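Notes to accompany the following structure.
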């Protein structure tokens with residue numbers, strides 16, 4: 001009996017002494033970069049678009065996966081008003097794999113959007129902030145730190161500030177609603193900014209990116225502190241168009257062509273989901 005008791009005590013000590021005993025998403029809640037996905041645009045999207053947005057969030061872990069506790073972590077808040085399920089799914093998965101995960105928020109998570117999210121396997125167990133309120137109400141004491149990311153802004157985002165709360169509009173077909181996020185931010189008296197894409201790339205099409213792409217770019221910048229690398233690793237080559245030779249300096253061929261294979265992304269998402277269940 002004494003031998004068994006000793007074994008149990010040793011096991012307990014071993015568990016207590018294990019590093020990273022606290023899940024990374026919980027640590028990111030304390031010190032990660034806040035990223036908010038604004039989901040208040042559900043009434044502007046079709047059912048299929050909402051479904052697409054939800055998948056984006058899950059795969060990338062943007063919406064509600066908060067992981068890591070270093071000073072380099074970036075907090076991300078996603079306003080889920082107009083994002084589809086697929087994009088939410090993708091964001092959640094990517095955030096979980098990051099070396100410097102962000103503190104993710106889903107705001108405006110209600111109605112049809114919430115119903116779609118609830119259909120995702122294990123959604124209730126996601127380590128993410130889920131708010132039925134808008135970000136302006138849920139984080140009312142932090143309004144001065146809010147920055148709505150929109151391609152229509154005249155302010156270029158040079159660096160990420162750990163004190164800031166970066167908001168990403170959850171909208172799938174932005175062409176139908178040109179300037180809607182900029183208008184919303186202006187009406188609420190919130191700062192706006194756009195990613196410095198034009199400084200590094202000659203986009204072959206609109207600079208409007210999907211929700212999951214914006215989330216991944218932010219997370220990649222937290223990790224590398226390099227916008228050029230972040231853009232090349234996330235934005236598909238077909239969208240990048242031609243680049244200036246000077247833009248290619250310091251970025252190797254592997255980084256330039258690092259477009260993630262869709263099947264690999266799905267595999268990674270499954271792995272993240274399996275890990276959470278275990």
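Tally the residues that are surrounded by fewer than 19 Cβ atoms within 10 Å (Cβ to Cβ) and touching a strand residue (DSSP E or B) at 6+ places or on another chain (Cβ under 7 Å), restricting the search to region 119-133.
Of the residues in region 119-133, 1 are surrounded by fewer than 19 Cβ atoms within 10 Å (Cβ to Cβ) and touching a strand residue (DSSP E or B) at 6+ places or on another chain (Cβ under 7 Å).
Looking at region 163-180 only, could you name the residues that are in contact with a helix residue (DSSP H, G or I) (Cβ under 8 Å, 6 or more places away or on another chain) and either modelled with pLDDT of 90 or more or in a helix (DSSP H, G or I) (or both)?
163, 164, 165, 166, 167, 168, 169, 174, 176, 177, 180, listed by residue number.
Among residues belonging to region 32-46 that are modelled with pLDDT of 80 or more and not in a loop (DSSP other than H, G, I, E, B), point out the one that is nearest to residue 162 (Cα to Cα).
Once the filter is applied, the top-ranked residue is 33.
If you scan region 63-118, which residues turn out to be part of a loop (DSSP other than H, G, I, E, B), crowded, with 24+ Cβ neighbours inside 10 Å and at pLDDT below 55?
63, 64, 65, 66, 67, 68, 73, 74, 83, 84
Would you check which residues across region 149-168 are over 18 Å from residue 203 (Cα atoms) and without any contact (Cβ under 8 Å) to a residue 60 or more places away in the chain and list them?
Within region 149-168, 155, 158, 159, 161, 163 meet the criteria.
Of the residues 155, 224, 150, which is under 23 Å from residue 41 (Cβ atoms) and touching a helix residue (DSSP H, G or I) at 6+ places or on another chain (Cβ under 9 Å)?
Of the residues listed, the single one that is under 23 Å from residue 41 (Cβ atoms) and touching a helix residue (DSSP H, G or I) at 6+ places or on another chain (Cβ under 9 Å) is 150.
Of the residues in region 186-202, how many are surrounded by 13 or more Cβ atoms within 10 Å (Cβ to Cβ) and not in a helix (DSSP H, G or I)? Let's see the steps before the verdict.
Step one: list which residues in region 186-202 are surrounded by 13 or more Cβ atoms within 10 Å (Cβ to Cβ), which gives 186, 188, 190-197, 200-201.
Those still in the list that are not in a helix (DSSP H, G or I) too: 190-196, 200-201.
Within region 186-202, residues that are surrounded by 13 or more Cβ atoms within 10 Å (Cβ to Cβ) and not in a helix (DSSP H, G or I) number 9.
Just to check your reading of the model, which residue among 228, 239 is assigned to a helix (DSSP H, G or I), modelled with pLDDT under 90 and farther than 22 Å from residue 103 by Cα?
The conditions single out 239.
The values are calculated or read from the model by the stated rules, or taken from the named source; none is laboratory data. Keep in mind that what you see is a predicted model, and the values were worked out from it rather than measured. Methodologically, a virtual Cβ is constructed for each residue, glycine included, from the backbone with ideal geometry; neighbour enumeration extends over all protein chains shown.
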